[in-house]
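Novice: Quick one: structure below, then a few questions.
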Amino acid sequence: MRADRRRNGAGRGPGGGTAAVVLAVGLLVSGCSSGGAGPQTAAPSGGGTPGFAAPVVTPLESLPAAVPTALSPYYGQVLAWQPCDEGYECTTFRVPLDYAHPADGDLTLAAVRAPAVPSGSAAPSTAPSGSAGRLPPPRLGSLLLNPGGPGGSAVEYVEGAARTYDAGVRARYDLVGLDPRGVGRSSPVTCLSGERMDAYTAVDISPDDPVEVDALVAAAKEFAEGCRQRAGARLGHLSTVEAARDLDVLRALLGDERLNYVGKSYGTFLGATYAGLFPGRTGRMVLDGAMDPSLDSLAGNRTQAGGFETAWTAFAQDCATHEDCPLGRTGQQAGERLTALFAAIDANPLPTADGTRRLSEAQATTGVIQAMYADFLWPQLRTALADARAGDGTGLLKLSDAYYGREADGSYPNLMFANMAVNCLDLPAPFTGPDDAARAVPEFERTSPRFGRDMAWMALTCTYWPVPATGAPHTVRAAGATPIVVVGTTRDPATPYSWARSLAGQLESGRLLTYDGDGHTAYGRHDACLDGAVNRYLLAGEAPENGTRCGN
């Protein structure tokens, strides 16, 4: 479901952090090849398909490699920052649609910057303690932020999160958000009208008979065809490898020798891809809510289903401690009541306050999944479930709409469109058709009795994608990179903790930092131990010891 993704399969998604952004963007696991850089075979990282040796991403270029002549017009641009959006600065720049053929055309990408604010900050000083007239701390350059998705807008994320970032970090870095190609303000892709997206979100994702299977397949084909018609040639050039190369163009235009970066959820996959391609240009990098690039889409979807099952168990246990819990007082009761509720909604969709829309089983499931991303949504979910059991689907529909980013006027952002487009390029589809999905259901249900069936069927969209995948499962070593901090949350629903362990183990300089807790991503959620470890790394370059644990 988004990382967070839903109809694609496993997940990547924007991280929670401190900004009021969409919490989950999609479920598919992404993977990609080195983009023609000549990967070499390596032993499995421990997270992929048994017996499969995922290739290692090898660097495209190492410093001080000269910029290829064909790319000089892009690396030689001058950014024109303009005031925008309540005190921020905005700019655009060009990148090639196809890095292999730069003469074939450009894309325009958008970025935002929150300039460093040293005055009045709580940033540590490099001057001796107690010294008079101490100088402000030296600026450390730019810190690029990505909230996940794929499809989450980094521009919107920075505009929402910048003022809540640690004061020391804000004092020494310009916080920069780049909407990846195809996302937000960067040549965005669109696929369906708001009306057709309403229909798409309501289609049954746990079909019970051939008629419902045909309806699900038809919805997947309509979505894919809509993207083909509206996106054109862009649809074949929205991969994570290409987005990582765009990051390097922006790094150069910002005047930074190395890319300093905080990525959440899918943003970890984007950051790890950059590190694999440009290890010599990788600076202080934090990958929070990590994805495992060695997984194929089938294994990724299945393990993510297990992550949501773990989160559901934690929610049910917490729910039982509250008087308003509508699910009973045991985990077995909670599971049985949820299953019964979904079955009742499947038979008779619930009315909602909207008046024209009824809550389908698919939307009810999505609403529950949305609330798994952050424990602060659990009280809202308790109320929504109680209302649904009483015949009112308004609360669950509201949560489902939040998952997709649906606006009050019925419009949708390009979040899910970009999510599908990137996911379907990054990994080959897990199924060749509905028969494959049906055969996979039992194994998915063993992993997740609550959500496994839905997540198996969700993976059909890429089966009908109009352009072939350009990526494949791989491992990332990033040999020679400075320490890379990989953050994993033990009960993260969308990016299971095992993925963080795997990625940290793949990276030659990986440092695993564990948050023992609930929710999707950890940095910026006000855990003093974890936030302190990340901030010390960003400000002083002191990476935490591998295996450091924080939280409960």
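The values are calculated or read from the model by the stated rules, or taken from the named source; none is laboratory data. Just so we're clear, the structure is a prediction, and the values are computed from it rather than from any experiment. Ideal geometry is used to build each Cβ from the backbone, glycine not excepted, and the neighbour counts take in all protein chains shown. Accessible surface is based on the protein model in full, side chains and every heavy atom, while ligands, DNA and RNA are left aside. Shrake-Rupley method; radii C 1.70, N 1.55, O 1.52, S 1.80 Å.
Novice: Across region 160-172, which residue is surrounded by the fewest Cβ atoms within 10 Å (Cβ to Cβ) among those that are out of contact with any strand residue (DSSP E or B) (no Cβ under 6 Å at 6 or more places or on another chain) and closer than 18 Å to residue 112 by Cβ? It would help to see each step written out before you state the result.
Specialist: Applying the first criterion (out of contact with any strand residue (DSSP E or B) (no Cβ under 6 Å at 6 or more places or on another chain)) to region 160-172 yields 160-161, 163-172.
This time we only want the ones that are closer than 18 Å to residue 112 by Cβ, so: 160-161, 163-165, 169-170.
Details: 160: 17, 161: 23, 163: 15, 164: 12, 165: 23, 169: 20, 170: 22.
Checked region 160-172; the qualifying residue surrounded by the fewest Cβ atoms within 10 Å (Cβ to Cβ) is 164.
Novice: Which one of the conditions (1) closer than 23 Å to residue 255 by Cβ; (2) crowded, with 17+ Cβ neighbours inside 10 Å; (3) modelled with pLDDT of 90 or more; (4) among the small types (Gly, Ala, Ser) does residue 123 fail to meet, given that it meets all the rest?
Specialist: Only one criterion is unmet by residue 123, namely (3).
Novice: Does residue 230 fit the bill of being more than 25 Å from residue 541 (Cβ to Cβ), among the basic types (Lys, Arg), open to solvent by 30 Å² or more (accessible area, probe 1.4 Å) and in a helix (DSSP H, G or I)?
Specialist: Working: more than 25 Å from residue 541 (Cβ to Cβ): yes; among the basic types (Lys, Arg): yes; open to solvent by 30 Å² or more (accessible area, probe 1.4 Å): yes; in a helix (DSSP H, G or I): yes.
Spelling it out, residue 230 is indeed more than 25 Å from residue 541 (Cβ to Cβ), among the basic types (Lys, Arg), open to solvent by 30 Å² or more (accessible area, probe 1.4 Å) and in a helix (DSSP H, G or I).
Novice: Only residues in region 187-198 that are at positive phi count as the first member; pair them with residues that are open to solvent by 20 Å² or more (accessible area, probe 1.4 Å) and in a helix (DSSP H, G or I), Cβ under 8 angstrom, at least 6 apart or cross-chain, and list the lot.
Specialist: 187/234
Novice: Could you tell me whether residue 364 is in a loop (DSSP other than H, G, I, E, B), in contact with a helix residue (DSSP H, G or I) (Cβ under 6 Å, 6 or more places away or on another chain) and free of Cβ contacts under 8 Å to residues at least 60 places away in the same chain? Before you say what the answer is, go through the steps one by one.
Specialist: Working: in a loop (DSSP other than H, G, I, E, B): no; in contact with a helix residue (DSSP H, G or I) (Cβ under 6 Å, 6 or more places away or on another chain): yes; free of Cβ contacts under 8 Å to residues at least 60 places away in the same chain: yes.
No, not satisfied.
Novice: Can you pull out the residues in region 64-96 that are aliphatic (A, V, I, L, M) and at pLDDT below 95? Break it down into steps so the answer makes sense when it comes.
Specialist: In the first step, residues of region 64-96 are kept if they are aliphatic (A, V, I, L, M); the result is 65-67, 70-71, 78-80, 95.
Selection gives 65, 66, 67, 70, 71.
Novice: Scanning for something of a type in the set (Ser, Thr, Tyr), in contact (Cβ under 8 Å) with a residue 24 or more places away in the chain and either over 17 Å from residue 534 (Cβ atoms) or not in a helix (DSSP H, G or I) (or both), does region 154-161 turn up at least one residue?
Specialist: Looking only at region 154-161, we keep the residues that are of a type in the set (Ser, Thr, Tyr), and these are 157.
Next cut, in contact (Cβ under 8 Å) with a residue 24 or more places away in the chain only: 157.
Of the ones still in play, those that are also either over 17 Å from residue 534 (Cβ atoms) or not in a helix (DSSP H, G or I) (or both) are none.
No, region 154-161 contains no residue that is of a type in the set (Ser, Thr, Tyr), in contact (Cβ under 8 Å) with a residue 24 or more places away in the chain and either over 17 Å from residue 534 (Cβ atoms) or not in a helix (DSSP H, G or I) (or both).
Novice: Hey, among the residues in region 287-317 that are among the charged types (D, E, K, R) and open to solvent by 10 Å² or more (accessible area, probe 1.4 Å), which one's nearest to residue 504 (Cα to Cα)?
Specialist: By that ranking, first place goes to 296.
Novice: Pairs needed: first member in region 399-413, open to solvent by 10 Å² or more (accessible area, probe 1.4 Å); second member anywhere, charged (D, E, K, R) and assigned to a loop (DSSP other than H, G, I, E, B); C-beta distance under 7 Å; at least 6 residues apart or different chains.
Specialist: 412/406
Novice: Also, I was wondering about something else. Go through the residues of region 528-546 one by one and say whether even a single one is in contact with a Ser or Thr (Cβ under 7 Å, 6 or more places away or on another chain) and under 30 Å from residue 340 (Cβ atoms).
Specialist: Residues of region 528-546 that are in contact with a Ser or Thr (Cβ under 7 Å, 6 or more places away or on another chain), as a first pass: 533.
With under 30 Å from residue 340 (Cβ atoms) added as a condition, the list becomes none.
No; the residues of region 528-546 include none that is in contact with a Ser or Thr (Cβ under 7 Å, 6 or more places away or on another chain) and under 30 Å from residue 340 (Cβ atoms).
Novice: Among the residues of region 87-110, which ones are part of a strand (DSSP E or B), open to solvent by 30 Å² or more (accessible area, probe 1.4 Å) and farther than 16 Å from residue 77 by Cα?
Specialist: Once the filter is applied, which keeps residues that are part of a strand (DSSP E or B), open to solvent by 30 Å² or more (accessible area, probe 1.4 Å) and farther than 16 Å from residue 77 by Cα, region 87-110 yields only 89.
Novice: In region 491-520, which residue that is polar (S, T, N, Q) and more than 24 Å from residue 164 (Cβ to Cβ) is surrounded by the fewest Cβ atoms within 10 Å (Cβ to Cβ)?
Specialist: Taking region 491-520 as the starting set, the residues that turn out to be polar (S, T, N, Q) are 495, 498, 502, 506, 509, 514.
With the extra rule that they be more than 24 Å from residue 164 (Cβ to Cβ), the set shrinks to 498, 502, 506, 509.
Working: 498: 18, 502: 27, 506: 27, 509: 20.
Top of the filtered list is 498.
Novice: Pull up region 461-488, narrow it to residues that are open to solvent by less than 10 Å² (accessible area, probe 1.4 Å) and hydrophobic (A, V, I, L, M, F, W, C), then point me to the one that is farthest from residue 100 (Cα to Cα).
Specialist: 487
Novice: Hey, another quick one. May I ask you to verify whether residue 220 is in contact (Cβ under 8 Å) with a residue 12 or more places away in the chain and either closer than 28 Å to residue 88 by Cβ or assigned to a loop (DSSP other than H, G, I, E, B) (or both)? Before you say what the answer is, go through the steps one by one.
Specialist: Details: in contact (Cβ under 8 Å) with a residue 12 or more places away in the chain: yes; either closer than 28 Å to residue 88 by Cβ or assigned to a loop (DSSP other than H, G, I, E, B) (or both): no.
Judged against the criteria, residue 220 is not a match.
Novice: What pairs can you find where one residue is in region 320-343 and free of Cβ contacts under 8 Å to residues at least 12 places away in the same chain and outside any helix (DSSP H, G or I), the other is open to solvent by less than 20 Å² (accessible area, probe 1.4 Å) and not acidic (Asp, Glu), and their Cβ atoms are less than 6 Å apart, with a gap of 6+ or different chains?
Specialist: Close Cβ pairs (under 6 Å, with a partner that is open to solvent by less than 20 Å² (accessible area, probe 1.4 Å) and not acidic (Asp, Glu)) amount to 328/334.
Novice: Let me ask another. Restricting attention to region 521-530, does a residue exist that is surrounded by fewer than 24 Cβ atoms within 10 Å (Cβ to Cβ) and of a type in the set (S, T, N, Q)?
Specialist: Looking only at region 521-530, we keep the residues that are surrounded by fewer than 24 Cβ atoms within 10 Å (Cβ to Cβ), and these are 524-529.
Checking which are of a type in the set (S, T, N, Q) leaves us with none.
The answer is no; no qualifying residue exists.
Novice: I've got another one for you. Looking at (1) open to solvent by 10 Å² or more (accessible area, probe 1.4 Å); (2) at pLDDT 95 or above; (3) out of contact with any strand residue (DSSP E or B) (no Cβ under 8 Å at 6 or more places or on another chain), which one does residue 362 not meet, given that it meets all the others?
Specialist: (1)
Novice: Within the set of pairs 6+ apart or on separate chains, which have a first residue in region 294-318 that is among the aromatic types (Phe, Trp, Tyr), a second that is open to solvent by 10 Å² or more (accessible area, probe 1.4 Å), and C-beta atoms under 7 Å apart?
Specialist: Sorted first by the residue in region 294-318, then by its partner, the pairs are 312/450; 315/378.
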